Amino acid sequence: MSHRVRLLLVLSLVLGLLPLPTLLAPSLHAADAAVNDTPVRTIAETFTEFELGGGLLYWLNTCIVITAAGQEPPADEVQPAEATANEETLRRRPATGGLSRTLGAADYPDCNNFQGLAADETGVYFWDPDENAILKFAPDSAPGAAATKVVDTADGPVANGLQLTDKYIIWLARVNNTTRKLMRTLKDGSGPVETLFSDLPHTDTSHEGAVTAGASAIFYIDDGGITYV
């Protein structure tokens, strides 16, 4: 058997075993970055937060209100009656480059609807206070498609937002000015919202409290330090 035939057989085997996205997708620049390497700018837009999940980069430009000089918001309103604001947008693109897509947008005063952003290979999740629900956009959401409701809940995330495991969405919610509660629900929307703890002390205003979750434990911060369950 000639060397050329052997090479063709090897290539045929590799192409048959590896999925096409694996062969075509570029590797993330940071994976093999060297000291003092040259960074690659992937997003050149205004944004306030971003998440990486399933090879997709999601970024959010929240609604920031610009008031007239010296104007103060009325006591009974969150936002001033006369103000201008940028459009709020949630966008995504492949992490290493490609077509950018707007998943959702809102104009003032109907904005700040993408709270507690979190992403993984199943999509990007957020809490919408207008809907009182956790919603998601799947990785293959079509342009202009509405977000899918995961579960209804009036208990929105505080601190560092929603956290994802392979099975659950987990977050800290507010009980009152001095107490937080630890919440969870199934990512696929097939179960109820569960309260794991409802009496986490939060009198220390130097921190907002935070939660993170792994495969075997949930860690959270309260006034006593870091605790896990």
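Scanning region 211-224 for residues that are open to solvent by less than 40 Å² (accessible area, probe 1.4 Å) and under 14 Å from Arg180 (Cβ atoms) returns Val211, Ile218, Tyr220, Asp222.
Filter region 192-205 for residues that are touching a residue at least 12 places away in the same chain (Cβ under 8 Å) and not in a strand (DSSP E or B); which is nearest to Gly156 (Cα to Cα)? Step by step, filter region 192-205, then rank; the result is Val193. When you check Gly161 against the structure, is it under 26 Å from Leu103 (Cα atoms) and not β-branched (Val, Ile, Thr), yes or no? Judged against the criteria, Gly161 is a match.
One residue stands out among those in region 169-185 that are free of Cβ contacts under 8 Å to residues at least 24 places away in the same chain and open to solvent by less than 40 Å² (accessible area, probe 1.4 Å): the one that is farthest from the chain's Cα centre (by Cα), which is Thr179.
The values are calculated or read from the model by the stated rules, or taken from the named source; none is laboratory data. Since this is a predicted model, take the numbers as computed values, not measurements. Counting neighbours? That spans all protein chains shown, and the Cβs are built from the backbone with ideal geometry, glycine included. Side chains are part of the model used for accessible areas, which takes the heavy atoms of the whole protein and leaves out ligands, DNA and RNA. Shrake-Rupley method; radii C 1.70, N 1.55, O 1.52, S 1.80 Å.
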